[in-house]
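Below: the structure, in structure tokens.
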Amino acid sequence: MSPELIAILTIGVALGGGQLATALWVAGRFERVGSEMTDLRARLARLEGLLNGLRDAISTRRETA
């Protein structure tokens, strides 16, 4: 095998490994983002509950005043 062919194959393997590592990193990042979105949705649901409670309390207070 010629040195040029070995160099080309080596570069190809290195590029392929870099692509695989990048794909795995991106997949892990998407998984973390999905987990963070789930947490944020849960927090938002709690805040919406508090907001609805405040809205009800204000409207009840206005009705009795």
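The values are calculated or read from the model by the stated rules, or taken from the named source; none is laboratory data. All values reported here derive from a predicted model rather than from experimental measurement. Quick reminder, even Gly has a Cβ in these numbers, built from the backbone with ideal geometry, and neighbours come from all protein chains shown.
Return yes when Thr60 is at pLDDT below 95 and exposed (fewer than 10 other Cβ atoms within 10 Å of the Cβ) and no when it is not. Spell out how you get there, then give the answer.
Values: at pLDDT below 95: yes; exposed (fewer than 10 other Cβ atoms within 10 Å of the Cβ): no.
Answer is no for this residue.
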For region 6-20, state whether one or more residues are surrounded by fewer than 10 Cβ atoms within 10 Å (Cβ to Cβ), part of a helix (DSSP H, G or I) and out of contact with any strand residue (DSSP E or B) (no Cβ under 6 Å at 6 or more places or on another chain). no
